[in-house]
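First comes the structure, then the notes that go with it.
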Amino acid sequence: MRAALLCKYLALTGYGAILLLIILWNAWLAPSEKYPTGLILIILLIPLLIPLRGLLHGRPYTYAWVSMLSLLYFILGVSDAYSDPVDRIYGWLMIAFSLMLFCGAILFVYLNAKTRRTG
C-alpha cells in the first residue's frame with residue numbers, strides 16, 4: 001500500500017508540474033506571438049483539468065485514463081524539443097514531467113489492483 005501511495009504522489013507531482021509548466025511558459029516566459037495566449041492555455045489546460053477530481057480522490061480508473069492523456073503531452077514535448085531552439089527546454093521539461101505522470105499513474109493502477117486482489 002505504501003508503494004501505491006508513493007506512485008500516486010509521483011503521478012500527482014508530474015501532473016502539477018505539467019500544469020505549472022504550461023501556465024508559466026505560455027503566459028509568462030515565452031508567450032506566442034502568432035496565437036492568443038488565452039487560446040493556447042485553454043487548449044492545453046482543459047484536457048488536464050477534466051480528470052483533476054478523480055486524481056485527487058485516488059480513483060484507479062482515472063489514473064488509467066490520465067496515463068493515456070500524458071502521452072499527448074509527451075508528444076507535445078518531443079515536437080517542441082526537436083523543432084524550435086527557443087522551446088527546447090520547454091520540450092525536454094514536458095517530456096520529463098509527462099513520463100513522471102505516466103509511470104506514476106501506471107504503477108499506481110498496477111499496485112492498487114494488486115493490493116485489492118490479495119486483500
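Any read-out appearing in this document is the output of simple, stated calculations on the displayed coordinates, not a laboratory observation. Source: prediction; values computed, not measured. Methodologically, a virtual Cβ is constructed for each residue, glycine included, from the backbone with ideal geometry; neighbour enumeration extends over all protein chains shown.
Numbers below:
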| item | result |
| --- | --- |
| Length-normalised contact order of the chain in % [C-alpha pairs under 8 Å, at least 6 apart] | 41 percent |
| For region 2-118, the spread of Cα positions along each principal axis, largest first, Å | 54, 25, 18 |
| Listed residues Phe97, Ile50, Thr115: farthest to the positive end of the dipole of the chain (Cβ charges) | Thr115 |
| Hypothetical label at Ile43: residues of region 1-32 whose amide nitrogen lies under 20 Å (7 Å Cα-Cβ projection) | 18-32 |
| Highest-MSF residue in the chain out of Thr62, Thr37, Thr13 [GNM, Cα springs under 10 Å] | Thr37 |
| Label-zone membership for region 60-81, site Tyr110, 7 angstrom Cα→C-beta point, backbone N under 19 Å | 60-71 |
| Residues in region 85-103 that a label on Ala30 would reach, taking backbone N under 16 Å of a point 7 Å out along Cα→Cβ | 85-97 |
| Region 1-58: mean projected area of Cα convex hull, nm² | 4.3 nm² |
